[in-house]
Each structure stands twice: as C-alpha cells, then as structure tokens.
Amino acid sequence: MVTKEDVIHVANLAKIELRDDEVEKFREEFEKILEYFDVLDEVPEDVEPTYQVHDLSNVFREDVPGESLPRELVLMNAKHVEDGYFKGPKIMEG
Amino acid sequence: MITVKEWKERLESESCYDLISELFDRIERSKLNAFITLNKDEALRLAEEFDRGKLKGKLAGIPVAVKDNISTKGLRTTCASKMLHDYVPPFDAHVVERLRQEGAIIIGKTNMDEFAMGTTTETSFFGVVRNPFDLERVAGGSSGGSGACLGGEESVLALGSDTGGSIRCPASFCGVVGLKPTYGLVSRYGLIPYANSLEQIGPMACCVEDCALLLEVIAGRDWRDSTNAGREFEFRPVDRKFRVGVIREMGGNDDVMGKFEEVVNDIVRPNFEVVEVSMPSFMFALPAYYIIAMSEASSNLARYDGVRYGYALEKLDTWTRYFSKVRAEGFGEEVKRRIMLGTYALSAGYYGKYYLKALKARTLVKRDFERALKDCDVLIAPTMPALPFRIGELADPLTMYKMDVNTVPINLAGVPALSIPIGFVKGLPVGMQIIGRFFEENTIFSFALKIEEALRDEVQRKGVA
C-alpha cells in the first residue's frame, strides 16, 4: 500500500514540488511498480551485495594543485551571478 | 546505411566539404528528429581542413553523431531535458577528446530519452525520434537519435550510452550495430551521470567492423574516471568454432522468436557448437536493475538546483521553495518518477527491503553469467522482446520497464554485449544480442563478423533484399 502521504514525503525528500493531481497519479503508479518489485523478497539473505562489478580499489593521486577551469567558464551557465560568485537562494527563512 | 568503407570511397571522388554539406541538407529535411543540436559550422570547417590534407587520424573526415548526454565543449548538451536546455559544457568528455584527436567530424548531438531514462525516446523534451523504417514507430531508447541517424543515413558513426539497454535497444530497432562495452573499458568522464555503477558510453555503427573501429578510438586509460580499467582495445578478428550458449530465460514474442530461431537454426547451429544455458537469477534482474538505477539517479540528479547551471527561475526564493520549484518545472514526468522511487527505495525502513535486496540479486545475476561464460565463449538472445513499438503504445511506465527484460541483466553484471541486426519481420528490424566475458569484446566482434557474413550470403542466396 502506498498512501498519498508517502508520495508527499518522498517528494519533499527529493525536493520536487507536486500538484494534487500529480500526487494521486504517482501514488497509483508507485503502488503497481513497488508491488512488482516485491519478487525480490525471494532473494536469499545470505548473499553478499554487489555494489560494483570489478574489484577496484580507490584511485589516488599526489595532492598537488592542478589547473582549474577559468572563472568565466565556470560561471557562464549560471543565471544568478554577483561579483564573480554564484548567487544562491536564502538558506534561512525571514 | 553508410559504412566507413563506403564513406572513404566517396571521399576519393568528392570533397569532404560537399559530402558533409549534403549530410546536413539531408538532416535538415529529415522527419526522424534524430538531432537536438547540429554542429554545422565546426563540422564544415573540419571538412575543409580534411580537404586541405590537415585533418589526420583513424577517423579523419568521418562524420560522428554524439548522444546529447556526452559533454562537448562549447556545444550545447541538454540530456533532452528542459533542465539543461541551454547548458553549454566548459569541457569535453574523454570520448570526445579521443574523437577529436583521431580527426572525426562531430556533426551534432543526438536526441534521447530525458537523462537517458526510457526505452522509446518518447520522454525527450525535444520530441520523439521516429524509426527510419516506419515513421509511426519509435526508434528505441534511450539513444534513439544515435540509432535513427545511422539507420536513416544521417551519420556514419554514433556514440550512445547504455545503462540498461540504451545502446542495444535503438540498435535493434533501427537495424544497426551497437555495443555496451565491459564496465570500465570506456571512460565515463564527461558523461552526464544517471546510474554510475551500470552505465557505459559505447559505439554504434552500420556494420560490425565500424563498431569495433569506434571502440578502438574511445576505449582506454583515463584517470578522471576512477572506475576506468586502464585497458586499450584493438580488434584482431579470430576465426574458430565458438561455443555458443542460447539463454533460455531471454525470449520475445512470436515475431521476434520466429526470426531469432531461424537464425539460430540456419546459421549458428551449422557453423558453431550450440548449447542451451539457463540463468535462474534473471527472475530478479528487472526489479533489481530498476531499484539500483532509480536509487543512483535520485542521488545523481540532486545536483540540479538551478544555481550553478541549468534551468533557473527569475527570482531567487528561500532554498527549499526555489529548489523544489526549479525541479518541478525543469524535470519531466519519467525523471521525477525515477528520482522519487529511488528516494523511496533508499529511505529509512525500505533500504533493506529494496536497495540491499537488489544488490544481492545483482550478485546472483553476475554469478549466473560467470558460470555460463565459463562453459561458453558467447551467449546469444534476442535484444528486444518485441518489434519497434508504435508511438504512444507503451503508455504505462511498468509496461515500458518490462521491455528491458533482455538487456538489463548485462548491466547488472558489467559484461559486454553487442546487438547486431539479423533480418526483418513485417518490414521492421530484429536484433540479436551477443554477450561475452569481461573485456572480451574481441571475441564478441569476431563471432558477430561471422554472423554478419553468413546473413549477407543468406540474403544473396534467397535473393531478397
């Protein structure tokens, strides 16, 4: 069972604003899709999980500063720029 | 369809500039909608360079189309999303650097499902891609534009990306060749991420040899992708009696199975050793794939905040309201669906039931492949379980997800798989997928070359086109 509250909860976590009609549509779809996923209940518990397919270890490099992108290239896709910096929304209300 | 060999023959009698101009005329008149952005000025400039003898390399003067989730410096890269509709990357992806080094002419960025999430290219913000063999049908997805531009003679080579079948599905639906390389063979640096542990950039082409050639160019070491295996690829065809496993659990409808079995019986059996293999874990593969892909997507797509790049609102609001509105307006429905389901699968209380179980199922799928590939050189199956769908036919998301049933197990295991065309049913192409061991693309291509030759003879013998 997926409730409207479940959908609103994940939408809040994922930071996606939903309209009321979208909430109901996603609720119905999620219920069907999650029910289909239930077959995984039959996967035995005593199996190791595979996060990645190769036995890779971390890749390190020397901690020396490299070349960075020039500031104007970094900022060229931003819509809100001030004094050579990104300008973001307020973190605190008020 | 235009092979590299044919293109080179044309270059002997015509200028590259004229050939590339003709290609753009064709694209601009086309109804396929295979491209989102064309790279006309640069392409024509490079063609002129070729004509002056200044452009060198393995792919000198050859047109290549690049999927629009692969970063191209100075050339708009949208992921077919409103979120990135005006995004211009400040750097090239590793594979694009390699294309440039080898003298390739990048003609444009190809249409795709939004953020590569889909099987039909119907989720593109820029509209559906049409199938070159029937304009009322889809070209497959998510690399639909890359498949269609080859099938429609609008390019000679193309790059796609494959997270759960996104190269092989459009290759199958458009009658072309496409490879999902071994995980780690091709650097993902500059590929806009959807599900990192599953996806690879891969080559698409009009014949096996061309596909292998493009892989030679894009495979190789790159420290900027920490999962890169640091291996090169060189195609050296081998000729031997391969042991071929037919996967019992990968099937299709009567149209597809009729053609697949015909090829197995008429061409594979007489020339190779054939056994049937069973992969019991495949019953878990589709849900495991979707849970892992959606979970990784929910994390990856958190970067779209409307601040540093991408879709933004005129006025900055408070953080939560601004962020939530940007994402509500910038993402399409399928992207929202996958982000939210991924968020759900990773959320407190459900992690063990969904995400962890999916990772355990992944281990079982990988073991099944390892076991089968110990006994067989290659495994074969139909690439897609059905012929190309009518546009709008798969309205329900779960129905669409189920169409990936034959392609997703490969990505879970990380093994390589190639889709090659094996003929037509009702005027529509059918594809066969050839799966091999880790980093044994050479075996896959060698076997595929034999099938391609045998089918050519078969077509000639029967006198049908």
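The values are calculated or read from the model by the stated rules, or taken from the named source; none is laboratory data. No experiment lies behind these values; they were computed from the predicted model shown. All Cβ positions, even for glycine, are placed from backbone atoms using ideal geometry, and neighbour counts span all protein chains on display.
For the stretch B:87-102, name all the residues that are touching a residue at least 60 places away in the same chain (Cβ under 8 Å) and outside any helix (DSSP H, G or I). Matches in the stretch B:87-102: B:Tyr87, B:Pro89, B:Phe91, B:Asp92, B:Ala93, B:Glu102.
In the stretch B:347-367, of all residues being assigned to a helix (DSSP H, G or I) and at pLDDT below 95, the one that is nearest to the other protein chains (Cβ to nearest Cβ) corresponds to B:Lys353.
When the residues of the stretch A:73-94 are filtered to those that are among the charged types (D, E, K, R) and surrounded by fewer than 10 Cβ atoms within 10 Å (Cβ to Cβ), the one that is nearest to the other protein chains (Cβ to nearest Cβ) is A:Glu93. The single condition among (1) within 26 Å of B:Gly184 (Cα to Cα); (2) within 14 Å of another protein chain (Cβ to nearest Cβ); (3) without any contact (Cβ under 8 Å) to a residue 60 or more places away in the chain that B:Ile410 does not satisfy is (3). Screening the stretch B:313-332 for residues that are more than 8 Å from every other protein chain (Cβ to nearest Cβ), part of a helix (DSSP H, G or I) and not hydrophobic (A, V, I, L, M, F, W, C) and picking the one that is surrounded by the most Cβ atoms within 10 Å (Cβ to Cβ) gives B:Gly330. Tell me, which residue of the stretch B:199-246 that is more than 18 Å from B:Gly61 (Cα to Cα) and touching a Pro at 6+ places or on another chain (Cβ under 6 Å) is surrounded by the most Cβ atoms within 10 Å (Cβ to Cβ)? By that ranking, first place goes to B:Gly202. In this structure, does B:Leu398 turn out to be facing chain A (nearest Cβ under 10 Å), within 15 Å of B:Tyr290 (Cβ to Cβ), touching a helix residue (DSSP H, G or I) at 6+ places or on another chain (Cβ under 9 Å) and surrounded by fewer than 19 Cβ atoms within 10 Å (Cβ to Cβ)? For B:Leu398, the condition - facing chain A (nearest Cβ under 10 Å), within 15 Å of B:Tyr290 (Cβ to Cβ), touching a helix residue (DSSP H, G or I) at 6+ places or on another chain (Cβ under 9 Å) and surrounded by fewer than 19 Cβ atoms within 10 Å (Cβ to Cβ) - is met. The set of residues in the stretch B:309-340 being under 31 Å from the mean Cα position of the chain (by Cα) and of a type in the set (Lys, Arg) consists of B:Arg327, B:Lys336, B:Arg337, B:Arg338. Within the stretch A:1-20, being among the acidic types (Asp, Glu) and more than 8 Å from chain B (Cβ to nearest Cβ) holds for A:Glu5, A:Asp20. On inspection, B:Ala372 does not qualify as at pLDDT below 95 and either within 29 Å of B:Lys259 (Cβ to Cβ) or more than 8 Å from every other protein chain (Cβ to nearest Cβ) (or both).
Conditions tested, residue by residue: (1) modelled with pLDDT under 95; (2) more than 7 Å from every other protein chain (Cβ to nearest Cβ); (3) closer than 29 Å to B:Pro90 by Cβ.
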site: A:Glu22; (1), (2), (3): no, yes, no
site: A:Phe26; (1), (2), (3): no, no, no
site: A:Tyr36; (1), (2), (3): no, no, no
site: A:Val43; (1), (2), (3): no, no, no
site: A:Val47; (1), (2), (3): no, no, no
site: A:His54; (1), (2), (3): yes, no, no
site: A:Ser57; (1), (2), (3): yes, yes, no
site: A:Glu62; (1), (2), (3): yes, yes, yes
site: A:Pro65; (1), (2), (3): yes, yes, yes
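Inspect all residues belonging to the stretch A:49-71 and state whether any of them is farther than 30 Å from B:Ile292 by Cα and touching a Phe, Trp or Tyr at 6+ places or on another chain (Cβ under 9 Å). Yes: one or more hits. Of all residues assigned to the stretch B:35-43, none qualifies as being over 25 Å from B:Gly160 (Cα atoms), over 26 Å from the mean Cα position of the chain (by Cα) and modelled with pLDDT of 95 or more.
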